Structures are given as C-alpha cells and as structure tokens.
Amino acid sequence: DQILNKLLYGNLHWLIVEKQLPAKRSIDSGPYSSDQLELLYNERLRPLDVMPYTNVVLAFRNVSDSWELFELYKPYRKARLSVVNIASNYLPAVDRYGSQLIVRRKLVDRRRNLQGFAMPCGTATTSPEYFTGLDDRNDVHDLFTKANFPFIRELMYDLNFTLNMVQLDKVGYKQNGTFSGVMGKFQNRSIELGCLGTLMRTERLEVADFMIVTLIIKSSIIFRQPPLSIVANIFELPFSVGVWACCFALMAIYWMTMIAIRQLTSGERFGAIESLVYIIGTMCQRGCDIVPQFNGTRLLMFSLQLTSFFILTSYSASIVALLQSPSRAIASVGDLVRSPLKAGVMDTSYGRVYYQETQDPDVQELYRKKIKPYGEKAFLEPNEGIGRVKQEMYAYEGELNAAYKVIKETFAPEEVCKLQELEAIKLPPFGIPIVKGSKYRELIRQRLMWQREVGIIKRFNLIWIHQKPQCENLNAGFSSVGVVEMRYLYLFLAVGFLAALATLLAERSWWSGMAKKLKSRTAIIRRKNEA
C-alpha cells in the first residue's frame, strides 16, 4: 500500500479488495463484472461521492501478487458508474517510478465527457423589456449575461452537457441573511452553474465559487467640461493682474500729463473732466469731437491711440480664443459636485447598490446632492443620458460599453474630443459562478482556463465590448456665443445705465438747487434796488 501511494500521485481514495483475482483475468472476463462493481460501489464507495475529478482507485490483488487497478467515477450522480483500467498485472517492485501508471493516467479525456448531463443552470435578465436574445449585440443591457454565455456554450460542446436553465430577474444580493435571484438559487442548491458573469463580491463567496475572471466592465462618469466662459469671467482673463495694473497706471499718467499741459498753457480746451473722458474713450476705441489747440496735446493723444490700438487688438484676440476654449475646472468627483453640471446614473441594479455602499466622501456627496434628490428620474437609459450630455451641462455615469456605443452613433468626431471621464465607483471583475463545493468546479475551471489560453475569451470580449471612440480632429468645429457667455457684459451694461441715471439725477438735483439759490439772490437784489 505504501508503494502504491507513492506511485499514484494526487488526492486519491483507495479501496483494496482482499479477494484475489485469478491470474491474467481482466475485469470484463473475470469474476467481477460491471454489475458487480456497481454493487460494490453502492455498498462501499457511495459515501465518497465518486464524481468527475474525484479520484477513487479500486485495487485487486492477483494470485501472482500483481495488481489490477481500476479508476471509478461518474459524470453525474444518476449516471452509470464508469470504470477505467489504470494498470493490469502491475508489479510495483519492477516499476519503481510508476511510469506505467503515469502513462495510463494521462488518458483522462474521457473524464471530460459528461454524457449529456442536464446541468442545472441559472441566468438573469434584469431588463426583459429590451431582451431580444442572448446573441443580440445591438442591445447594451445585461452585458454580464450575454458576453459570458458564449463561454458556457463552448463548455457545453467541450464537456458534452446540456443546460437546464432557470431565468430570473436579478443576480441577487444578501438581505437579512438570505440571497435573492441567482444567488438565492445557489444558496438553496437548486442550480449547479451560473450561465452568466457576476460581480465578485465577498458575501457571494458564502454560496458560490468564482472560477475565472471572464469580463471586466468599467463604469465611469462621462461629461463635457463646461466652457471657460461658464466658470470664469473671460473678459478679465486675457491680461494678468500686472498687465491690468499697467493699463490703469498708463491711463493715470496720460491724464496727469494732459492736466499739466492745460496748466502750462492757456486756451487748451481739455480740462480735467474732458481729459479723463477722452482717455477712457480712447482705450475703448472711441473718438472725440474736441480738437486740441497745441501740438504737444496732439502728440500725446496720438501716442495714446496707438498704444490703445495694440492693447485692444491683443485683448480681442484673447477673447475669441477663450470663447472656444474648454475649461479644466472638473478634475475630480469633488469638482463635479461643486460644478453647475447636473448628474444621472445608468439604470443598473449594481449602480444603486455601489453608490449606497461607497466609502468615498466625494462620491457620497455626489449621490446625496445630485442623484438622490431626483429619485428615479436620476436613473436613465444610456441613449437618454448620453443625449443629455450632448445637449446640456450634464454628467452621466454608466457602463463604458453602453456609453461608447451611443457616442459612436450620435456624436460627431469633433464632439468626441470634448468628452472626459471620471471614475466614481470601481466595479470588481465579473466571473462565472458555480455552487459552493461543486464537484464540477475543477473540471469547468480548467476548461475555462483553456479558453483563456487559446484566446476564446479575448475574442468574445472584443466582439461584445465596444471600444472607446477616438478623437480624430481636436480643433474642428466651434462653439456659438450665447447669452451665458455675454452675461458679464450685460451686467456691466446694466451698471452703466444705473450709474448714468444716478449721475443724471444728481446733476438735476444740483442744478435745481443752484437755480433756487440764483432766484433767491436775484430777488434779494431786486428788493434792495426797489428800496
């Protein structure tokens, strides 16, 4: 027994039958027929649950002290017992290294034949109103089901089994110690395999094992950066603080110079008020109907007009560029919360769960301020959410696969360049689940690993997952100037009207007072003259 345990590697169960077989008698011609081995299995091996990838070896000693070794297994519980002859007339003393056993045990392909077993399988369709079949690539809903089913189909052909499929409306989460949906079926052990990919969550390991990562779905917030004119006053951005200070200092120097010329000469028409109005008007490219009397004033006015021309040219060119420039105001989820953009989420079951479970304070604030107050209206379909991103100041969080498909269909190439992404919730990878402790786990896991090695999984991922649209022309297109961009000008215009009206009222009040004083003085002088 010790020799055999050393030769036959692996986790094997041994059953040594004391009754000897006649020399040179095989299992088919000897006293032990298949029916007798089935009876022996039922009596002594059934507690071992001899299923695929459970190694049970039955050893008979011959009269010549050689061994007859048989491996027993069943493809499924109600199948007939399968018997494989590992070695006949085997002598451990002669074959010290067990080469004969190793060669015979390489014939394990037949263990992959499940003989048409109807595998209990569960799947989930969370959006039945859009479901038109497991092969419909135009529908972006339930990608975790559709993109993983080709791997199950390959397993069916590879392992020769069929599906006894149960369809539910959700994958299932744990509530009060009980799972719902497909995970609930795993919990009560009514299904063996999941015909879909599910998120690898910790609590699901209580009822299911995940064999291999088959799919990685990313979920990001897609938005357009708000124009620079929305988040800042573009009319003060062209010049730095130093340049603005130099402009005002230049105006002050010219004003004092013109006042000095007025004081040094006689007959100059430009007084202090006229000079100030002229300087402000010249800096804004406004003319003047007053003609100076002296050449010194004319030369000063010419230099001021030339300087203001170059300043205004640079300022106008910068304004045009800034009107077409996107901002960089949103670089994190926290910036998005503080921005004027509204937000929505793709209508998925895990989206609601992960936003409520997140520990990121910025994501919590995003959910609390921009999603939760709108209730169900904040959960949108991809075509509606991406459409709002295109037309409004809106941020939409959803599966990149669904978002990219809508973007390719509805966005112009230059519009794609304006889109940006932020990752709010990080989804775990998707894997194919199997019931906890399943005897088929190792068999299916190895065949899924084989699918990954030969490129089957990569091929189907490329077929089902839409790739990110490429930015083809970053500088194409232009943005129209609207009321929002001009809001500071309208504000300045309103302030100007109010200031002009206040000045007019002040002047009228002053002139009314002066007229009253003039009348009173005229009346006093008249009375004195009459007296």
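The values are calculated or read from the model by the stated rules, or taken from the named source; none is laboratory data. Quick caveat: nothing in here was measured; it's all calculated off a predicted structure. Cβ coordinates were reconstructed from backbone atoms using ideal geometry, including for glycine residues, and neighbour counts include every protein chain displayed. In case anyone asks, the SASA skips ligands and DNA or RNA and just uses the protein heavy atoms, side chains included. Shrake-Rupley method; radii C 1.70, N 1.55, O 1.52, S 1.80 Å.
Numbers for the structure displayed
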quantity	calculated
Selection count where residues are in contact with a Leu (Cβ under 9 Å, 6 or more places away or on another chain), assigned by the TED database to the domain that holds Arg201 and open to solvent by 50 Å² or more (accessible area, probe 1.4 Å), scope region 409-437	1
Near pairs, Cβ below 9 angstrom, 6+ apart or cross-chain, from region 237-253 (closer than 16 Å to Gly281 by Cβ) to any residue that is among the hydrophobic types (A, V, I, L, M, F, W, C) and open to solvent by 60 Å² or more (accessible area, probe 1.4 Å)	Met251/Leu276; Met251/Ile280
Number of the condition not met by Asn138 [criteria: (1) modelled with pLDDT under 80; (2) open to solvent by 70 Å² or more (accessible area, probe 1.4 Å); (3) assigned to a loop (DSSP other than H, G, I, E, B)]	(1)
Scan of region 415-464 for residues that are in a helix (DSSP H, G or I) and of a type in the set (Val, Ile, Thr), ordered by number	Val416, Ile444, Val454, Ile456, Ile457, Ile463
Given (1) buried (at least 16 other Cβ atoms within 10 Å of the Cβ); (2) in contact (Cβ under 8 Å) with a residue 24 or more places away in the chain, index of the condition Asn233 fails	(1)
Residue count, region 152-195 (criterion: in contact (Cβ under 8 Å) with a residue 60 or more places away in the chain and surrounded by fewer than 14 Cβ atoms within 10 Å (Cβ to Cβ))	2
Checklist (1) surrounded by 16 or more Cβ atoms within 10 Å (Cβ to Cβ); (2) in contact with a Gly (Cβ under 9 Å, 6 or more places away or on another chain); (3) outside any loop (DSSP other than H, G, I, E, B); (4) of a type outside the set (S, T, N, Q) applied to Leu250, failing item	(2)
Spans of helices (runs of 4 or more DSSP H) in region 291-400 with at least 2 residues closer than 25 Å to Tyr130 by Cβ and in contact (Cβ under 8 Å) with a residue 40 or more places away in the chain	349-357, 382-391
Residue match in region 293-313 (condition: out of contact with any helix residue (DSSP H, G or I) (no Cβ under 6 Å at 6 or more places or on another chain), surrounded by 15 or more Cβ atoms within 10 Å (Cβ to Cβ) and either at pLDDT 85 or above or on the phi > 0 side of the Ramachandran plot (or both))	yes
Residues (open to solvent by 20 Å² or more (accessible area, probe 1.4 Å) and within 17 Å of Phe149 (Cβ to Cβ)) located in region 198-214	Phe210, Val213
Among the candidates Val484, Val454, residue that is farther than 25 Å from Ile216 by Cα and among the β-branched types (Val, Ile, Thr)	Val484
Residue selected from region 280-292 under the condition among the hydrophobic types (A, V, I, L, M, F, W, C) and within 58 Å of the chain's Cα centre (by Cα), by the criterion least open to solvent (accessible area, probe 1.4 Å)	Met283
Residue ID - modelled with the lowest pLDDT, chosen from residues in region 401-446 that are within 30 Å of Ile221 (Cβ to Cβ) and among the β-branched types (Val, Ile, Thr)	Ile425
Any chance Gly133 is outside any loop (DSSP other than H, G, I, E, B) and more than 25 Å from Arg80 (Cα to Cα)	no
So Tyr440, is it over 30 Å from the mean Cα position of the chain (by Cα) and open to solvent by less than 70 Å² (accessible area, probe 1.4 Å)	yes
Residue check for Leu228: at pLDDT below 90, over 22 Å from the mean Cα position of the chain (by Cα) and either open to solvent by less than 40 Å² (accessible area, probe 1.4 Å) or of a type in the set (Val, Ile, Thr) (or both)	yes
Qualifying positions in region 58-109 - part of a loop (DSSP other than H, G, I, E, B), at pLDDT below 60 and under 23 Å from Asp158 (Cα atoms)	Lys106, Leu107, Val108
Residue in region 365-386 that is among the hydroxyl-bearing types (Ser, Thr, Tyr), over 22 Å from Ile217 (Cα atoms) and open to solvent by 60 Å² or more (accessible area, probe 1.4 Å) present	yes
